[in-house]
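Notes to accompany the following structure.
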Amino acid sequence: MKKINHKITRKKCLISNSRKIRRILDLGDHPFADTFIKKNDLKKKEPILPLKILLCKSSGCIQTETKTSPLKRYNLYDYSYTSSNSSFSRKHWDNFSLEIIKELQPNNNDKIFEVGSNDGYLLKNFKKKGFVILGIDASKYMSRIANKNKIKTECCIFNFNNSNKIKKKFGNCNILIANNVLNHSNEPNEFIKGVYNILDENGTFVFELPYWLDTIKSKKFDQIYHEHVTYFSTKMAFNLLKKHNFEIKKIKKVNYHGGSIRVYAQKEPQPKKIKLVK
């Protein structure tokens, strides 16, 4: 595999646009983690880029220094990660769907959209219960798998502009789920603007992400890779959501990905802080 060595470095915080950011970690040069190259493709080029991490103290944003292309991350070669890739994952998403129904008590005609829906495994649980579902995923390969399995999926990079296209086509949703995908966005502000745009006024945004504190404490450095553009703490989640008039209604720790936080948020012009529930 030949190396492509081009790089654009970030000079500002992805949340606050502050230039007061500093490097806190340097792991050297790496290719994309979720792409496995077929034998016939070994002579093709693959991006190999510096993997360095920056911190903005004011916003709490932890982010990669090198900007990578989402099109290359998910569609240069077939993206390999699937939501249903292990019994542990399947059990986690089964329990997740049960918790959502218990916590939010949606009506049967409510719309549940999922950004980063992958192969559609989680949405399948909601479809079985009779809810109107829609998947949104950046990978053409995963979108094909999901649609083949009759989980309706739109293939696009989720942001404000694409949320308008989805809204025009499918309307607003009552619940928007985004597990392990918000941290993949090169533009988290545009991502949350898209969430606000597509979510019903009384709707709930639920997302789950690896928890930076657990990653550092456990030294699970394999959580750090180019597809993970940002790394979440409760401070970062609060500041990002507050900027776009979302209030965290509940935040809890779960054991997925070596330790993650699950966040429930709703539209609120004057958001209040909330403590992490362990």
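The values are calculated or read from the model by the stated rules, or taken from the named source; none is laboratory data. Note that the structure is predicted; figures quoted are calculated from it, not measured. Here the Cβ positions follow ideal geometry from the backbone for every residue, glycine too, while neighbour counts run over all protein chains shown. What goes into the accessible areas is simple: the full protein's heavy atoms, side chains included, and nothing from ligands, DNA or RNA. Shrake-Rupley method; radii C 1.70, N 1.55, O 1.52, S 1.80 Å.
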Here is a list of conditions, (1) under 27 Å from residue 193 (Cβ atoms); (2) touching a helix residue (DSSP H, G or I) at 6+ places or on another chain (Cβ under 8 Å), and residue 58 meets all of them except one; can you say which number that is? (2)
Residues of the range 244-277 that turn out to be polar (S, T, N, Q) and either under 17 Å from residue 179 (Cα atoms) or under 16 Å from the mean Cα position of the chain (by Cα) (or both), as a count: 3
Which members of the range 38-59 meet the condition of being crowded, with 16+ Cβ neighbours inside 10 Å and in contact with a strand residue (DSSP E or B) (Cβ under 9 Å, 6 or more places away or on another chain)? 46, 47, 48, 49, 50, 51, 52, 53, 54, 55, 56
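For the range 32-46, give me each residue that is of a type outside the set (A, V, I, L, M, F, W, C), farther than 28 Å from residue 193 by Cβ and in contact (Cβ under 8 Å) with a residue 24 or more places away in the chain. Reasoning before the result, please.
Within the range 32-46, the subset of a type outside the set (A, V, I, L, M, F, W, C) is 34-35, 38-41, 43-46.
Retained after the next criterion (residues that are farther than 28 Å from residue 193 by Cβ): 35, 38-41, 43-46.
Across the range 32-46, the qualifying residues are 35, 38, 41, 43, 44, 45, 46.
Restricting attention to the range 29-50, does a residue exist that is assigned to a loop (DSSP other than H, G, I, E, B), modelled with pLDDT of 95 or more and of a type in the set (A, V, I, L, M)? Can you show your working first?
Taking the range 29-50 as the starting set, the residues that turn out to be assigned to a loop (DSSP other than H, G, I, E, B) are 31-34, 36-38, 42-44, 48.
In the following step, the residues that additionally are modelled with pLDDT of 95 or more were identified as none.
The answer is no, given that none of the residues of the range 29-50 is assigned to a loop (DSSP other than H, G, I, E, B), modelled with pLDDT of 95 or more and of a type in the set (A, V, I, L, M).
Yes/no per residue for (1) over 23 Å from residue 66 (Cβ atoms); (2) crowded, with 23+ Cβ neighbours inside 10 Å; (3) basic (Lys, Arg):
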residue: 148; (1), (2), (3): yes, no, yes
residue: 181; (1), (2), (3): no, no, no
residue: 187; (1), (2), (3): no, no, no
residue: 195; (1), (2), (3): yes, yes, no
residue: 199; (1), (2), (3): yes, yes, no
residue: 224; (1), (2), (3): no, no, no
Among the listed residues 240, 213, identify the single one that is farther than 23 Å from residue 105 by Cβ, touching a residue at least 60 places away in the same chain (Cβ under 8 Å), out of contact with any strand residue (DSSP E or B) (no Cβ under 7 Å at 6 or more places or on another chain) and of a type in the set (A, V, I, L, M, F, W, C). 240
Looking at the range 108-171, what strands (runs of 3 or more DSSP E) fall wholly within it and have at least 1 residues that are without any contact (Cβ under 8 Å) to a residue 60 or more places away in the chain and either touching a Lys or Arg at 6+ places or on another chain (Cβ under 9 Å) or aliphatic (A, V, I, L, M) (or both)? 132-137, 153-155
Taking residue 130 and the conditions (1) modelled with pLDDT of 95 or more; (2) more than 18 Å from the chain's Cα centre (by Cα), which numbered condition does it fall short on, given that it satisfies the others? (1)
Return a yes/no flag: does the range 235-243 have any residue that is part of a loop (DSSP other than H, G, I, E, B), of a type in the set (D, E, K, R) and more than 17 Å from the chain's Cα centre (by Cα). no
Regarding residue 159, is this residue closer than 15 Å to residue 230 by Cβ, modelled with pLDDT of 95 or more, open to solvent by 10 Å² or more (accessible area, probe 1.4 Å) and not aromatic (Phe, Trp, Tyr)? yes
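Results for (1) open to solvent by less than 20 Å² (accessible area, probe 1.4 Å); (2) of a type in the set (Phe, Trp, Tyr); (3) in contact with a strand residue (DSSP E or B) (Cβ under 6 Å, 6 or more places away or on another chain), shown as yes or no for each residue.
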site	(1), (2), (3)
153	yes, no, yes
177	yes, no, yes
208	yes, no, yes
228	yes, no, no
235	no, no, no
Output the residue which, of all residues in the range 237-274 that are open to solvent by less than 60 Å² (accessible area, probe 1.4 Å) and β-branched (Val, Ile, Thr), is farthest from residue 188 (Cα to Cα). 254
Consider the range 194-231. How many of its residues are part of a helix (DSSP H, G or I), under 14 Å from the mean Cα position of the chain (by Cα) and of a type outside the set (A, V, I, L, M, F, W, C)? 2
